[in-house]
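Each remark here refers to the structure printed beneath this line.
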Amino acid sequence: MYIEKITSPQDVKKLSIPELKELAEELREIIIETVATNGGHLASNLGAVDLTVALHYVFNSPSDKIIWDVGHQSYAHKLLTGRLNVFSSIRQHNGISGFPKITESPHDSFGTGHSSTSISAALGILEARDIIKSQISNLKFQISNFKSPVPNKVIAVIGDGAMTAGLAFEGLNHAGHLKKDLIVILNDNEMSISPNVGALSAYLRRIMMGDLYTKFKKETKSFLERIPTFGETALKIAQKAEDTVKGLFVPGLLFEELGFEYVGPVDGHRIDYLIETLERFKDFPEPVLIHAITKKGKGYEPAEKNPGLFHGVGPFDIETGEQLSSGKKSYSEIFGNCLVRLAKEDSRIVAITAAMTEGTGLTEFVNNFPKRFYDVGIAEPHAVTFAAGLAAQGVKPVVAIYSTFLQRSYDEIVHDVCLQNLPVVFAIDRGGIVGDDGPTHNGSFDLSYLRHIPNLIVMAPKDGYELKCMLKTALSLNAPCAIRYPRGSAIDPQKAEDLNCIPVGKAEVLKEGDDILLIAIGNTALPALNAAQLIADAGVKACVVNARFVKPLDTELIFRLARNIKHVLTVEENAVAGGFGSAVLEELSQSGIEGLKIKLLGLPDKFIEHGSQNFLRKKLGLDAEGIAREALALMKKSTDYADFRG
């Protein structure tokens, strides 16, 4: 196999074009086999293999810096940069990351994981190169003062889906102004995760519907219709040619207006064409954008047919493409199905997402209410302000976004929704530990960055049924609400069809006890209940509270219990700093209750690395055994609590 001979990108340059094509097929086989076992991003990686091979053939990484936007198409890059022997560990604890990571390899020039950052980062690296060279030439600094090697060429690889975000265009605009020799590769597969909408396609439509173009079409049609016999045939040919003209001529206008030389479109699966194009423009002195057309899932039929399903996928059967499932419904599915049910009862309910229709569980909503569904593209800030506008006119918008991506719309949540007290519902998926995707995708901070915002009600369910009740509650209120729930399967014990609204700010006692008070939020409530059963064997009677609300807290219940139970342990799958436990501590500090011994259990002040959810929860002490250990430690029990097995 050619891949076994590749220890660095320099080895790629030794291969002929036919050998490079064989290498690309080998890369696809390895990626498919590994993702089928470990899970990961499949369709996007398969689509970028040929482009990756061509890039490493032409450029000289790491002195030439390649920045992969989002990074979920970088698996072939990792395989070509000396990580073949550890590739089987991808997304596993202590294994390599599923995204570019600067601490993992010098070939990973910039860490990515969120969309649309590559152009801005690449431009910064390019500007730093020129600053370094200028200062060295003026003898102001020695080369040792800077990171080595000094960058040569800088290439940003960005997908058409990522181009729907404003950040990408901010970078393009600045790059065009600076006139640096930035190379941008537009990897156009016509689909990000959900089918693309927004900026680029809207621009093309705008050009095609503009006054000048429309006038030209009308006059041409009128002219052709007046020509006997030939005119009718010519008109049909012209109409068929219109789409071709759009594809060949119009796309470049956008980028040329921003100051880029536009090249393409180029077949992104013809390695020879790609190499020829890259060689021709690698030393271009000004910004250049090379437009490559690729196909998501290339080389694996199930992924080609359903690239959305194979975007981020769990382990699957290679022969059939069927995913290995636990059989339980996920929180995302439960949310989506419940929203459909509630939308049938209330025509004012609409759903909004940012290019994550399947991931957020909204596929059934789209099928049932296509005109009440909005995929705004990778544009989280717009999604929030768009929802605010809808809510201002009496519509009931539900914004479904992953926790880690909602961070990008913080100002809009504060200024456009909460300041105006508009009833927008935030369905915050992937709250807490996401697992294999690691620190770029863990929802570690949402409770901290939401709970201090005035007017916002913040909830987190202990199970699937409570999620449904919270969704019904949120939609019944005339106030902004956030419901935060984790990734993965959910316990859904309630078989009855009735959904009950939950009184705002009211917690529930899951278990009575008078030795220690365990106050848990969201998906830590049931592990806390299990921990109470464990420590009962040590003679400790725990009172377990499912807080349900981070804001407003049920201070009446907490104070009443804390007056009699002096040991208090709060539990959350969120950063301890500023999180749920901090909220409880703030309230107790003003309660006048004396003699309390309090411990806050949650995520530490660091980014949580990748690994399975169960492994990480155990490592961080957020499973039942870990909670039990902390509870007994707080009470300074001499019982050996180090080896709970549950």
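The values are calculated or read from the model by the stated rules, or taken from the named source; none is laboratory data. This one's a predicted model, so the numbers in the text were calculated from it and none came from an experiment. No Cβ is skipped: glycine too gets one built from the backbone with ideal geometry, and neighbour counts run over all protein chains shown. All accessible areas refer to the heavy atoms of the entire protein, side chains included, with ligands and DNA or RNA removed. Shrake-Rupley method; radii C 1.70, N 1.55, O 1.52, S 1.80 Å.
Of LYS344/LYS506; LYS21/LYS296; LYS78/LYS329; LYS65/LYS606; LYS296/LYS606; LYS551/LYS636, which sit over 26 Å apart, Cα to Cα? Beyond 26 Å between Cα atoms: LYS344/LYS506; LYS78/LYS329; LYS65/LYS606; LYS296/LYS606; LYS551/LYS636. Of all stretches in the chain that contain no chymotrypsin sites (Phe, Trp or Tyr not before Pro) in a DSSP loop with at most 15 other Cβ atoms within 10 Å, the longest one is 142-606. Proximity of backbone amide H atoms, modeled 1.01 Å from N, is registered between GLY431 and SER403, TYR485, ARG487 at under 5 Å, excluding neighbours fewer than 5 places apart on the same chain. Of the peptides 174-187, 22-35, the order by per-residue mean of other Cβ atoms within 10 Å, starting with the highest, comes out as 174-187, 22-35. Less than 5 angstrom separates the built amide H of VAL350 from those of LYS396, VAL398, all sequence-distant by 5 or more or on a different chain. With contributions of -39500 (n - 2.57) from each DSSP H run of at least four residues, the per-residue ellipticity at 222 nm computed over the chain stands at -12000 deg cm²/dmol.
Here the Karplus curve 6.51 cos²θ - 1.76 cosθ + 1.60, taken at θ = phi - 60°, turns the phi angles of the stretch 264-275 into couplings of x, x, 10, 5, x, 10, 9, 4, 5, 5, 4, 4 Hz, with x standing for Gly and Pro. Each label was represented as a point 7 Å from its Cα along the Cα-to-Cβ direction; for LYS133 and VAL150 these points are 0.8 nm apart.
Count the DSSP beta bridges whose two residues both fall in the chain, then state the antiparallel fraction as a percent rounded to the nearest 5.
Values: 11 of 66 bridges.
Once the DSSP bridges in the chain are tallied, antiparallel ones form about 15 percent.
Here the label points at ASP514 and ILE491, each 7 Å from Cα along the C-beta direction, are separated by 2.7 nm in the simple model. Residue by residue, the stretch 466-478 carries 3J(HN,Hα) couplings of 5, 4, 5, 5, 5, 5, 5, 4, 4, 6, 8, 9, 9 Hz when phi is fed to the Karplus relation 6.51 cos²θ - 1.76 cosθ + 1.60 (θ = phi - 60°); x denotes Gly or Pro.
What FRET efficiency would be calculated for the residue pair GLU279, ASP11, taking the C-beta separation as r and a Förster radius of 30 Å, to the nearest 0.05?
Working: r = 19 Å, r/R0 = 0.62.
Using R0 = 30 Å, I get an efficiency of 0.95.
Using R₀ = 51 Å, calculate the FRET efficiency as 1/(1 + (r/R₀)^6) where r is the Cβ-Cβ separation of VAL86 and GLU261; round to 0.05. Result of the calculation: an efficiency of 0.85. Sorting LYS295, LYS396, LYS606 on solvent-accessible area from highest to lowest, probe radius 1.4 Å, gives LYS606, LYS295, LYS396.
A crude spin-label estimate for the pair LEU596 and ASN337, with each label 7 Å from Cα along the Cβ direction, gives 3.9 nm.
The local environment of ARG617, defined by Cβ-Cβ distances under 14 Å, has a net charge of -3 under the rule Lys, Arg +1 and Asp, Glu -1.
Within the accessible area of the chain, what % is carbon and sulfur when the probe is 1.4 Å and the other protein chains stay in place?
Values: 14550 of 27640 Å².
Taking all protein chains in place, the chain shows 53 percent carbon and sulfur surface.
Rolling a 1.4 Å probe over the protein heavy atoms gives the stretch 578-625 an accessible area of 52 Å² per residue. For the stretch 526-569, the Cβ-based charge dipole about the Cα centre amounts to some 140 debye (Lys, Arg positive; Asp, Glu negative; other atoms uncharged). So I have (i) -0.57; (ii) -0.73; (iii) -0.67, and one of them is log10 I(q)/I(0) by the Debye sum over Cα atoms at q = 0.08 Å⁻¹ calculated from this model. Which one is it? The value matching this structure is (iii).
Checking the a/c ratio against 1.5 first, then a/b against b/c, what shape does the Cα gyration tensor give for the stretch 466-520?
On the way: a/c = 1.75, a/b = 1.41, b/c = 1.24.
Cα axes put the stretch 466-520 in the prolate bin.
When the chain is described by a simple charge dipole with +1 on each Lys and Arg Cβ and -1 on each Asp and Glu Cβ, the residue from CYS418, SER330, ALA303 located farthest towards its positive end is CYS418. For GLU364 and ASP346, the difference between the fully extended length at 0.36 nm per residue and the C-alpha to C-alpha distance is 4.8 nm. Candidates LEU616, LEU534, LEU601 compared by Cα position along the dipole of the stretch 520-646: farthest toward the positive end lies LEU534, with charges placed on Cβ.
Rounded to the nearest 20, the Cβ-based charge dipole of the stretch 337-456 about its Cα centre (Lys and Arg +1, Asp and Glu -1) stands at 400 debye.
Distances between placed amide hydrogens fall under 5 Å for ILE155 paired with LYS65, ILE66, ILE67, all partners being 5 or more residues away or on another chain.
How high is the FRET efficiency between ASP537 and PHE607 when r is their beta carbon distance and R₀ equals 30 Å, given to the nearest 0.05? Please list the in-between numbers first.
Details: r = 36 Å, r/R0 = 1.19.
Taking R0 as 30 Å, the efficiency between ASP537 and PHE607 is 0.25.
Derived scalar couplings between HN and Hα for the stretch 424-441 equal 9, 9, 9, 9, 9, 7, 6, x, x, 6, 8, x, 5, 7, x, x, 6, 10 Hz in order, rounded to whole Hz, by the Karplus curve 6.51 cos²θ - 1.76 cosθ + 1.60 (θ = phi - 60°), x for Gly and Pro.
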